[in-house]
Amino acid sequence: MVTFQSAPWLPRHVRIQYDPVRQGFAVLSPERVFWPNEISLDILRRCDGRSDVAHIIADLAVEYDAPEAEVAEDVIAFLQEWSDRLLVRV
């Protein structure tokens, strides 16, 4: 369960890689490729195991000039979905 105190990270089998053909970033996992949008990529790049979810939300709220409450809903839902898929650890 993702909480504000969770410090998410990408497991060893998941990596972010630039694809020059599609000119975009892909998230690679065994036998799966995901093409995250810009905001999803910004969330994933902050999943370093040191930053907690509250800090990630605060950073994104400043970067996107958005209310923290709205950002919080989206970030927690995204991280929970990716955690359920075993693509992010919390």
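Quick look at the numbers
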read-out	value
Leu87, sole failed condition from (1) surrounded by 12 or more Cβ atoms within 10 Å (Cβ to Cβ); (2) assigned to a helix (DSSP H, G or I)	(2)
Near pairs, Cβ below 6 angstrom, 6+ apart or cross-chain, from the range 50-75 (over 20 Å from Trp9 (Cβ atoms)) to any residue that is surrounded by fewer than 17 Cβ atoms within 10 Å (Cβ to Cβ)	Ala61/Glu68
Within the range 5-18, tally of residues that are in contact (Cβ under 8 Å) with a residue 24 or more places away in the chain and more than 14 Å from the chain's Cα centre (by Cα)	1
Residue that is surrounded by the most Cβ atoms within 10 Å (Cβ to Cβ), among those in the range 1-38 that are within 17 Å of Ser83 (Cβ to Cβ) and in contact with a Phe, Trp or Tyr (Cβ under 8 Å, 6 or more places away or on another chain)	Val27
Long-range neighbours under 9 Å by Cβ, at least six apart or interchain, first residue within 19 Å of Ile76 (Cα to Cα) and modelled with pLDDT of 95 or more within the range 19-42, second of a type in the set (Val, Ile, Thr) and surrounded by fewer than 16 Cβ atoms within 10 Å (Cβ to Cβ)	Val27/Ile16; Val27/Val33; Pro36/Ile16; Leu41/Ile16
Tally of residues being out of contact with any strand residue (DSSP E or B) (no Cβ under 8 Å at 6 or more places or on another chain) and either aliphatic (A, V, I, L, M) or over 20 Å from Thr3 (Cβ atoms) (or both) across the range 43-78	19
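Here's the yes/no breakdown for (1) farther than 27 Å from Glu68 by Cα; (2) of a type in the set (A, V, I, L, M, F, W, C); (3) in contact with an Asp or Glu (Cβ under 9 Å, 6 or more places away or on another chain):
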| position | (1), (2), (3) |
| --- | --- |
| Ala7 | no, yes, yes |
| Arg12 | yes, no, no |
| Ile16 | no, yes, no |
| Arg22 | yes, no, no |
| Leu28 | yes, yes, no |
| Glu31 | yes, no, no |
| Trp35 | no, yes, yes |
| Asp42 | no, no, yes |
| Arg45 | no, no, no |
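The values are calculated or read from the model by the stated rules, or taken from the named source; none is laboratory data. No experiment lies behind these values; they were computed from the predicted model shown. Virtual Cβ from ideal backbone geometry, glycine too; neighbours counted across all protein chains shown.
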